[in-house]
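Let me begin by presenting the structure, written as structure tokens, before commenting on it.
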Amino acid sequence: MIDNGATLAPVGSNAVESQLVESMSWANAEIARAFGVMPSIVNVAGGDSLTYSTTEGEFIKWRAIGLGPYMTRIEAAFSDLMWFGTVAQLDTTNFVPSDLATQGVYFSQATAGQAWLTPDEVRFITAKLPPMNAAEPPRQPDQLNADRPLRSVPA
């Protein structure tokens with residue numbers, strides 16, 4: 001018995017509304033897959049057990065699987081327009097930056113032992129900071145790989 005004329009109202013959704021929500025979630029996941037986007041990137045449950053992946057890992061996977069075919073076609077089209085032996089390659093290094101802890105480990109290894117980067121180059125790459133020692137300016141990003149030949153992509 002309810003006192004003072006109070007009424008009871010159902011809380012939640014009925015079976016039809018629940019089925020509609022479930023079918024919409026399934027459709028969203030399928031649309032994401034059709035466009036080569038992992039469901040987690042568009043915040044849709046994918047129905048699988050991807051519980052231990054990081055955001056960085058998801059974006060790397062998306063770059064390889066979802067964007068890869070498009071990027072390959074764009075690179076091939078630009079390579080066809082360039083002079084013989086020159087290959088166009090899209091730069092995706094800043095597309096998915098790693099977290100600061102990973103960058104710290106990487107750059108500490110890059111500057112220790114047989115260093116392949118100087119501290120001033122690390123300052124420039126990570127934060128576009130001027131060199132600590134003004135006598136030697138850091139190499140620009142396009143100069144970092146100047147001594148390496150361009151890799152060829154099979155046609």
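Mind listing just one residue for me: the one in region 59-102 that is at pLDDT 85 or above and touching an Asp or Glu at 6+ places or on another chain (Cβ under 7 Å) and, of those, nearest to Ala32 (Cα to Cα)?
Looking at the filtered set, the residue picked out is Leu90.
Please name all residue pairs, on different chains or six or more residues apart, with Cβ atoms under 7 Å, provided the first residue is in region 1-29 and is among the charged types (D, E, K, R) and the second residue is in a helix (DSSP H, G or I) and surrounded by 10 or more Cβ atoms within 10 Å (Cβ to Cβ).
Here the result reads none, with nothing in region 1-29 linked to a residue that is in a helix (DSSP H, G or I) and surrounded by 10 or more Cβ atoms within 10 Å (Cβ to Cβ).
Every residue in region 61-94 that is under 20 Å from the mean Cα position of the chain (by Cα) and among the hydroxyl-bearing types (Ser, Thr, Tyr), please. Spell out how you get there, then give the answer.
Here is the first cut: in region 61-94, the ones under 20 Å from the mean Cα position of the chain (by Cα) are 61-75, 89-94.
Once the filter is applied, which keeps residues that are under 20 Å from the mean Cα position of the chain (by Cα) and among the hydroxyl-bearing types (Ser, Thr, Tyr), region 61-94 yields Tyr70, Thr72, Thr92, Thr93.
Considering only region 14-58, state which residues are modelled with pLDDT of 80 or more and hydroxyl-bearing (Ser, Thr, Tyr).
Ser23, Ser25
Could you please tell me which pairs satisfy a Cβ distance under 6 Å, a separation of 6+ or placement on different chains, a first residue in region 86-97 that is farther than 11 Å from Ile74 by Cα, and a second residue that is at pLDDT 85 or above?
What qualifies is Val87/Ser79.
How do the pairs read when you match residues in region 32-43 that are among the hydroxyl-bearing types (Ser, Thr, Tyr) with residues anywhere that are not in a loop (DSSP other than H, G, I, E, B), using Cβ under 7 Å and keeping only pairs 6 or more apart or on different chains?
Close Cβ pairs (under 7 Å, with a partner that is not in a loop (DSSP other than H, G, I, E, B)) amount to Ser40/Glu58.
Does Thr7 satisfy the criteria of being β-branched (Val, Ile, Thr) and either part of a helix (DSSP H, G or I) or closer than 30 Å to Arg123 by Cβ (or both)? Give the steps one after another, and end with the answer.
Numbers: β-branched (Val, Ile, Thr): yes; either part of a helix (DSSP H, G or I) or closer than 30 Å to Arg123 by Cβ (or both): no.
No; evaluated as a whole, the condition is false for this residue.
The values are calculated or read from the model by the stated rules, or taken from the named source; none is laboratory data. Fair warning: this is a prediction, and the values are worked out from it, not measured in the lab. Reconstructed Cβ throughout: ideal geometry from the backbone, glycine too, with neighbour counts over all protein chains shown.
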